[in-house]
Amino acid sequence: MVTPFHYIIVSLIVFSIGILGVLLRKNIFIILMSVELLLNSANLALIAFSRMNADLTGQIFVLFMIAIAAAEVSVGLALVIALYRHKEEINIDILSKLKG
């Protein structure tokens, strides 16, 4: 039987993978995907706690978080495309060269 504890363990594993992706990778696309992993792990934990407490508050927060994630991805991809058009590279190291 799957208990909420199992969901929390999976959420922690996914969150750890997301943190490692943000901290260790230099490709902007992989960093954006890692941020999505972070948000999805938080969603999984919220749903697990919501189900454990038989309360809908966590599920409502998840819906808001999905909307925020969609907006984040659209803005992030627009910035990546603009950066690629300007520098023709998507490595995160070029962002340090954008200082005025």
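How about region 1-15: which of its residues are open to solvent by less than 60 Å² (accessible area, probe 1.4 Å) and either hydroxyl-bearing (S, T, Y) or touching a Cys at 6+ places or on another chain (Cβ under 9 Å) (or both)?
T3, S11
Considering I31, I47, I66, which residue is in contact (Cβ under 8 Å) with a residue 12 or more places away in the chain, within 19 Å of Y7 (Cα to Cα) and crowded, with 17+ Cβ neighbours inside 10 Å?
I47
Quick one: count up the residues across region 51-80 that are farther than 22 Å from S16 by Cβ and among the small types (G, A, S).
6
So which residues in region 19-44 are more than 14 Å from A69 (Cα to Cα) and either among the acidic types (D, E) or in contact with a strand residue (DSSP E or B) (Cβ under 9 Å, 6 or more places away or on another chain) (or both)?
Across region 19-44, the qualifying residues are K26, N27, I28.
Of all residues being small (G, A, S) and in a helix (DSSP H, G or I) in region 81-100, which is farthest from V22 (Cα to Cα)? Just the residue, please.
A82
Does L39 satisfy being at pLDDT 90 or above and either within 18 Å of F5 (Cα to Cα) or surrounded by 17 or more Cβ atoms within 10 Å (Cβ to Cβ) (or both)?
Yes.
Which numbered condition in (1) farther than 23 Å from G76 by Cα; (2) surrounded by fewer than 18 Cβ atoms within 10 Å (Cβ to Cβ) is the only one that L20 fails?
Among (1) farther than 23 Å from G76 by Cα; (2) surrounded by fewer than 18 Cβ atoms within 10 Å (Cβ to Cβ), the lone unmet condition for L20 is (1).
The values are calculated or read from the model by the stated rules, or taken from the named source; none is laboratory data. Keep in mind the model is a prediction, meaning the values are calculated, not measured. Because the Cβ atoms are built from the backbone with ideal geometry, glycine has one as well, and the counts that use them run over all protein chains shown. When the accessible area is computed, the model is the full protein with side chains, heavy atoms only, and any ligands, DNA or RNA have been set aside. Shrake-Rupley method; radii C 1.70, N 1.55, O 1.52, S 1.80 Å.
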